[in-house]
1. Can you pull out the residues in segment 138-166 that are of a type outside the set (A, V, I, L, M, F, W, C) and part of a helix (DSSP H, G or I)?
2. Tell me whether segment 114-135 contains one or more residues that are crowded, with 17+ Cβ neighbours inside 10 Å, part of a loop (DSSP other than H, G, I, E, B) and of a type in the set (D, E, K, R).
3. Can you tell me which residue among Ala71, Ala64, Ala111, Ala90 is modelled with pLDDT under 95 and either within 16 Å of Gly158 (Cβ to Cβ) or in contact with a His (Cβ under 7 Å, 6 or more places away or on another chain) (or both)?
4. In segment 71-95, how many are touching a strand residue (DSSP E or B) at 6+ places or on another chain (Cβ under 6 Å) and farther than 13 Å from Thr37 by Cβ?
5. Considering only segment 41-69, state which residues are in contact with a strand residue (DSSP E or B) (Cβ under 8 Å, 6 or more places away or on another chain) and part of a loop (DSSP other than H, G, I, E, B).
6. Collect the residues in segment 259-284 that are over 30 Å from Ser204 (Cβ atoms) and part of a strand (DSSP E or B), keeping them in residue-number order.
7. Scan segment 182-208 and report the pairs whose first residue is under 19 Å from Val147 (Cβ atoms) and touching a residue at least 40 places away in the same chain (Cβ under 8 Å) and whose second residue is of a type in the set (D, E, K, R) and surrounded by 15 or more Cβ atoms within 10 Å (Cβ to Cβ), with Cβ atoms within less than 6 Å and a gap of 6+ or a chain change.
8. Considering each residue of segment 234-258, count those that are more than 25 Å from Pro155 (Cβ to Cβ), out of contact with any helix residue (DSSP H, G or I) (no Cβ under 6 Å at 6 or more places or on another chain) and not in a strand (DSSP E or B), and give that number.
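The values are calculated or read from the model by the stated rules, or taken from the named source; none is laboratory data. In this text the structure is predicted, and so the values were computed from the model without any measurement. Methodologically, a virtual Cβ is constructed for each residue, glycine included, from the backbone with ideal geometry; neighbour enumeration extends over all protein chains shown.
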Amino acid sequence: MIIQISKNGIHFSELINVFLLFEFTFMPKKRPLILVTNDDGITAPGIRTLIEVMNTIGDVCVVAPDAPQSAMGHAITINDTLYCDKLKVAKDEPQTEYSCSGTPVDCVKLAVNEILKRKPDLCVSGINHGSNSSINVIYSGTMSAAVEAGTLGIPSIGFSLLDYSMEADFQPSKKYIELLVKQCLKNGLPTGVVLNVNIPKLPSKEIKGIKVCRQANAHWEENFDKRTNPLGRDYYWLTGEFVNNDKGEDTDEWALHNGYVSVVPVQFDLTAHHAIKDINTWDI
(Lines give C-alpha, C1' and ligand atoms only; values in the text may rest on other atoms or scores of the structure.)
Protein backbone atom coordinates (compact mmCIF):
# COMPACT_ATOMS: atom_id res chain seq x y z
CA MET A 1 0.00 0.00 0.00
CA ILE A 2 1.37 3.45 -0.98
CA ILE A 3 0.15 6.83 0.26
CA GLN A 4 0.93 9.39 -2.48
CA ILE A 5 1.96 12.66 -0.82
CA SER A 6 4.47 13.68 -3.49
CA LYS A 7 5.23 12.69 -7.02
CA ASN A 8 7.64 10.05 -5.70
CA GLY A 9 5.27 8.67 -3.10
CA ILE A 10 6.03 7.26 0.36
CA HIS A 11 5.43 3.67 1.32
CA PHE A 12 2.88 3.11 4.11
CA SER A 13 5.41 0.95 6.00
CA GLU A 14 7.84 3.89 5.99
CA LEU A 15 5.21 6.15 7.49
CA ILE A 16 4.58 3.60 10.22
CA ASN A 17 8.29 3.49 11.02
CA VAL A 18 8.43 7.28 11.24
CA PHE A 19 5.41 7.33 13.53
CA LEU A 20 6.84 4.66 15.81
CA LEU A 21 10.15 6.51 16.02
CA PHE A 22 8.31 9.71 16.94
CA GLU A 23 6.21 7.92 19.54
CA PHE A 24 9.23 6.20 21.09
CA THR A 25 11.21 9.45 21.20
CA PHE A 26 8.67 12.06 22.21
CA MET A 27 5.55 10.43 23.64
CA PRO A 28 5.43 9.92 27.43
CA LYS A 29 6.08 6.35 28.48
CA LYS A 30 3.07 4.43 29.78
CA ARG A 31 3.45 3.70 33.48
CA PRO A 32 2.61 0.21 34.73
CA LEU A 33 -0.66 -0.26 36.58
CA ILE A 34 0.04 -1.66 40.05
CA LEU A 35 -2.57 -3.16 42.39
CA VAL A 36 -1.66 -2.87 46.08
CA THR A 37 -3.33 -4.86 48.85
CA ASN A 38 -2.54 -6.46 52.23
CA ASP A 39 -4.05 -8.35 55.15
CA ASP A 40 -3.29 -5.94 58.00
CA GLY A 41 -5.84 -3.40 56.78
CA ILE A 42 -5.70 -0.27 54.68
CA THR A 43 -4.49 1.95 57.54
CA ALA A 44 -1.57 -0.31 58.54
CA PRO A 45 1.90 1.30 58.39
CA GLY A 46 3.24 -1.45 56.14
CA ILE A 47 0.86 -0.82 53.27
CA ARG A 48 1.45 2.93 53.51
CA THR A 49 5.17 2.33 52.92
CA LEU A 50 4.41 -0.02 50.04
CA ILE A 51 2.13 2.59 48.43
CA GLU A 52 4.88 5.20 48.77
CA VAL A 53 7.38 3.03 46.90
CA MET A 54 4.89 1.94 44.23
CA ASN A 55 3.96 5.55 43.46
CA THR A 56 7.53 6.09 42.24
CA ILE A 57 7.20 3.20 39.79
CA GLY A 58 3.67 3.16 38.38
CA ASP A 59 0.02 4.14 38.58
CA VAL A 60 -1.30 2.74 41.83
CA CYS A 61 -4.72 1.43 42.83
CA VAL A 62 -5.09 0.27 46.42
CA VAL A 63 -7.84 -2.17 47.37
CA ALA A 64 -7.34 -3.43 50.91
CA PRO A 65 -9.40 -4.70 53.85
CA ASP A 66 -11.10 -2.14 56.06
CA ALA A 67 -9.96 -4.10 59.14
CA PRO A 68 -7.17 -6.57 59.96
CA GLN A 69 -7.51 -9.92 58.17
CA SER A 70 -4.33 -11.66 59.29
CA ALA A 71 -4.07 -15.45 58.89
CA MET A 72 -7.20 -15.59 56.72
CA GLY A 73 -5.37 -17.65 54.13
CA HIS A 74 -7.29 -17.93 50.87
CA ALA A 75 -10.71 -17.30 52.42
CA ILE A 76 -13.38 -15.63 50.31
CA THR A 77 -16.75 -14.16 51.24
CA ILE A 78 -19.65 -16.23 49.88
CA ASN A 79 -22.29 -16.05 52.61
CA ASP A 80 -22.34 -12.33 53.24
CA THR A 81 -22.40 -9.05 51.33
CA LEU A 82 -19.23 -7.24 50.35
CA TYR A 83 -18.82 -3.49 50.63
CA CYS A 84 -16.13 -1.51 48.86
CA ASP A 85 -15.79 2.24 49.42
CA LYS A 86 -13.61 4.70 47.55
CA LEU A 87 -11.55 6.77 49.97
CA LYS A 88 -10.31 10.33 49.82
CA VAL A 89 -6.55 10.70 49.62
CA ALA A 90 -4.31 13.71 50.18
CA LYS A 91 -3.96 16.06 47.21
CA ASP A 92 -0.27 15.28 46.87
CA GLU A 93 -0.90 11.51 46.73
CA PRO A 94 -1.60 10.19 43.21
CA GLN A 95 -3.00 6.76 44.06
CA THR A 96 -6.66 5.74 44.22
CA GLU A 97 -7.77 3.84 47.32
CA TYR A 98 -10.66 1.56 48.19
CA SER A 99 -11.45 -0.15 51.49
CA CYS A 100 -13.19 -3.51 51.31
CA SER A 101 -15.20 -5.31 53.99
CA GLY A 102 -13.87 -8.68 52.85
CA THR A 103 -10.70 -10.73 52.91
CA PRO A 104 -7.44 -10.04 51.07
CA VAL A 105 -8.49 -12.43 48.31
CA ASP A 106 -11.86 -10.67 48.06
CA CYS A 107 -9.94 -7.42 47.56
CA VAL A 108 -8.03 -8.82 44.60
CA LYS A 109 -11.13 -10.33 43.01
CA LEU A 110 -13.09 -7.08 43.35
CA ALA A 111 -10.22 -4.99 42.07
CA VAL A 112 -9.67 -7.04 38.93
CA ASN A 113 -13.32 -7.72 38.11
CA GLU A 114 -15.10 -4.53 39.20
CA ILE A 115 -12.79 -1.62 39.97
CA LEU A 116 -9.93 -1.60 37.48
CA LYS A 117 -10.57 -0.88 33.82
CA ARG A 118 -7.79 -3.23 32.74
CA LYS A 119 -5.74 -6.05 34.19
CA PRO A 120 -2.91 -4.69 36.36
CA ASP A 121 0.67 -5.21 35.28
CA LEU A 122 1.63 -6.19 38.82
CA CYS A 123 0.05 -6.96 42.18
CA VAL A 124 1.97 -6.36 45.40
CA SER A 125 0.73 -7.39 48.83
CA GLY A 126 2.03 -6.18 52.19
CA ILE A 127 4.18 -5.06 53.77
CA ASN A 128 3.06 -7.60 56.34
CA HIS A 129 3.80 -7.04 60.03
CA GLY A 130 5.55 -10.31 60.79
CA SER A 131 7.06 -13.30 59.03
CA ASN A 132 5.44 -15.23 56.21
CA SER A 133 8.42 -17.50 55.70
CA SER A 134 8.35 -21.29 55.68
CA ILE A 135 5.00 -22.91 56.61
CA ASN A 136 3.52 -19.51 57.47
CA VAL A 137 2.87 -19.00 53.76
CA ILE A 138 -0.17 -21.31 53.83
CA TYR A 139 -1.89 -19.30 56.58
CA SER A 140 -0.99 -15.89 55.22
CA GLY A 141 -3.61 -13.48 53.94
CA THR A 142 -0.77 -11.41 52.51
CA MET A 143 0.51 -14.24 50.35
CA SER A 144 -2.96 -15.53 49.49
CA ALA A 145 -3.76 -12.16 47.92
CA ALA A 146 -0.60 -12.46 45.81
CA VAL A 147 -1.42 -16.05 44.89
CA GLU A 148 -4.96 -15.08 43.86
CA ALA A 149 -3.58 -12.41 41.56
CA GLY A 150 -1.18 -15.00 40.18
CA THR A 151 -4.06 -17.33 39.31
CA LEU A 152 -5.50 -14.46 37.27
CA GLY A 153 -2.29 -14.17 35.26
CA ILE A 154 -0.92 -11.14 37.11
CA PRO A 155 2.76 -11.13 38.18
CA SER A 156 2.60 -10.86 41.97
CA ILE A 157 4.82 -10.42 45.01
CA GLY A 158 4.04 -10.65 48.73
CA PHE A 159 6.27 -8.65 51.08
CA SER A 160 6.69 -9.23 54.82
CA LEU A 161 8.90 -7.70 57.50
CA LEU A 162 9.97 -9.81 60.47
CA ASP A 163 8.59 -7.32 62.98
CA TYR A 164 5.12 -7.68 64.50
CA SER A 165 5.16 -4.26 66.14
CA MET A 166 2.85 -1.56 64.80
CA GLU A 167 5.85 0.74 65.37
CA ALA A 168 7.99 -1.34 62.98
CA ASP A 169 10.56 0.50 60.86
CA PHE A 170 9.84 -0.21 57.20
CA GLN A 171 12.46 2.17 55.81
CA PRO A 172 15.16 -0.51 55.29
CA SER A 173 12.66 -2.50 53.21
CA LYS A 174 12.19 0.19 50.58
CA LYS A 175 15.24 -0.35 48.40
CA TYR A 176 14.73 -4.11 48.23
CA ILE A 177 11.07 -3.72 47.37
CA GLU A 178 11.87 -1.21 44.64
CA LEU A 179 14.59 -3.45 43.20
CA LEU A 180 12.45 -6.59 43.14
CA VAL A 181 9.40 -4.83 41.72
CA LYS A 182 11.40 -3.24 38.90
CA GLN A 183 13.04 -6.56 38.06
CA CYS A 184 9.67 -8.32 38.10
CA LEU A 185 8.17 -5.74 35.74
CA LYS A 186 11.19 -6.02 33.45
CA ASN A 187 11.58 -9.80 33.38
CA GLY A 188 8.17 -11.17 34.33
CA LEU A 189 7.60 -14.37 36.29
CA PRO A 190 7.18 -17.98 35.15
CA THR A 191 3.58 -19.06 34.62
CA GLY A 192 1.99 -20.20 37.88
CA VAL A 193 4.64 -18.61 40.12
CA VAL A 194 4.50 -15.71 42.58
CA LEU A 195 7.22 -14.44 44.92
CA ASN A 196 7.23 -14.66 48.71
CA VAL A 197 9.64 -12.00 49.99
CA ASN A 198 10.59 -11.72 53.66
CA ILE A 199 12.82 -8.99 55.05
CA PRO A 200 14.81 -9.34 58.29
CA LYS A 201 14.30 -6.92 61.17
CA LEU A 202 17.65 -5.18 60.78
CA PRO A 203 19.03 -1.71 60.09
CA SER A 204 19.79 -1.09 56.41
CA LYS A 205 23.56 -1.36 56.89
CA GLU A 206 23.20 -4.84 58.43
CA ILE A 207 21.13 -6.39 55.63
CA LYS A 208 23.58 -8.33 53.48
CA GLY A 209 21.53 -8.62 50.30
CA ILE A 210 19.00 -10.96 48.70
CA LYS A 211 18.91 -14.77 48.63
CA VAL A 212 16.64 -16.69 46.28
CA CYS A 213 15.91 -19.86 48.20
CA ARG A 214 13.45 -22.60 49.08
CA GLN A 215 10.83 -22.71 51.80
CA ALA A 216 12.15 -24.22 55.03
CA ASN A 217 10.49 -27.42 56.22
CA ALA A 218 9.21 -26.11 59.56
CA HIS A 219 5.95 -26.27 61.52
CA TRP A 220 4.01 -24.84 64.43
CA GLU A 221 3.49 -26.70 67.69
CA GLU A 222 0.17 -25.33 68.92
CA ASN A 223 -0.94 -24.77 72.47
CA PHE A 224 -4.45 -23.74 73.47
CA ASP A 225 -4.98 -21.58 76.53
CA LYS A 226 -8.30 -22.84 77.88
CA ARG A 227 -10.44 -20.46 79.93
CA THR A 228 -14.01 -20.27 81.17
CA ASN A 229 -16.28 -17.28 80.79
CA PRO A 230 -18.62 -16.00 83.57
CA LEU A 231 -21.47 -18.09 82.14
CA GLY A 232 -19.46 -21.27 82.53
CA ARG A 233 -18.66 -21.78 78.86
CA ASP A 234 -15.13 -22.80 77.93
CA TYR A 235 -13.18 -20.83 75.33
CA TYR A 236 -9.66 -20.97 73.94
CA TRP A 237 -6.79 -18.69 72.94
CA LEU A 238 -4.42 -20.16 70.37
CA THR A 239 -0.72 -19.89 71.16
CA GLY A 240 2.22 -21.87 69.88
CA GLU A 241 5.88 -22.20 69.04
CA PHE A 242 7.50 -22.11 65.62
CA VAL A 243 9.79 -25.12 65.22
CA ASN A 244 12.37 -25.27 62.44
CA ASN A 245 14.33 -28.51 62.18
CA ASP A 246 15.46 -27.79 58.63
CA LYS A 247 19.17 -27.00 58.82
CA GLY A 248 19.62 -26.41 55.10
CA GLU A 249 21.54 -23.29 54.14
CA ASP A 250 19.39 -22.90 51.03
CA THR A 251 16.20 -22.06 52.96
CA ASP A 252 14.35 -18.85 53.71
CA GLU A 253 14.80 -19.36 57.45
CA TRP A 254 18.57 -19.64 57.07
CA ALA A 255 18.69 -16.55 54.85
CA LEU A 256 16.65 -14.44 57.26
CA HIS A 257 18.60 -15.52 60.32
CA ASN A 258 21.83 -14.69 58.52
CA GLY A 259 20.85 -11.17 57.52
CA TYR A 260 19.48 -11.70 54.01
CA VAL A 261 16.20 -10.83 52.36
CA SER A 262 14.63 -14.16 51.37
CA VAL A 263 12.88 -14.62 48.02
CA VAL A 264 10.96 -17.87 47.56
CA PRO A 265 9.24 -18.60 44.24
CA VAL A 266 5.86 -20.09 45.20
CA GLN A 267 3.68 -22.15 42.86
CA PHE A 268 -0.06 -22.51 43.26
CA ASP A 269 -0.22 -25.89 41.55
CA LEU A 270 -0.46 -28.01 44.71
CA THR A 271 -0.10 -31.33 42.90
CA ALA A 272 2.57 -33.55 44.45
CA HIS A 273 3.81 -34.72 41.05
CA HIS A 274 6.47 -36.98 42.55
CA ALA A 275 3.79 -38.96 44.42
CA ILE A 276 1.53 -39.78 41.46
CA LYS A 277 3.50 -42.88 40.47
CA ASP A 278 3.45 -44.28 44.02
CA ILE A 279 -0.27 -43.67 44.54
CA ASN A 280 -0.98 -45.39 41.22
CA THR A 281 0.48 -48.60 42.70
CA TRP A 282 -2.38 -48.75 45.23
CA ASP A 283 -5.13 -51.32 44.71
CA ILE A 284 -7.73 -48.74 43.73
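1. Residues satisfying the conditions are Gly141, Thr142, Ser144, Glu148, Gly150, Thr151.
2. Within segment 114-135, one or more residues are crowded, with 17+ Cβ neighbours inside 10 Å, part of a loop (DSSP other than H, G, I, E, B) and of a type in the set (D, E, K, R).
3. Ala71
4. 4
5. Those that are in contact with a strand residue (DSSP E or B) (Cβ under 8 Å, 6 or more places away or on another chain) and part of a loop (DSSP other than H, G, I, E, B): Gly41, Ile42, Ala44, Ile57, Gly58, Asp66.
6. Gln267
7. Final answer for the pair search is none.
8. The number of residues fulfilling the criteria is 8.
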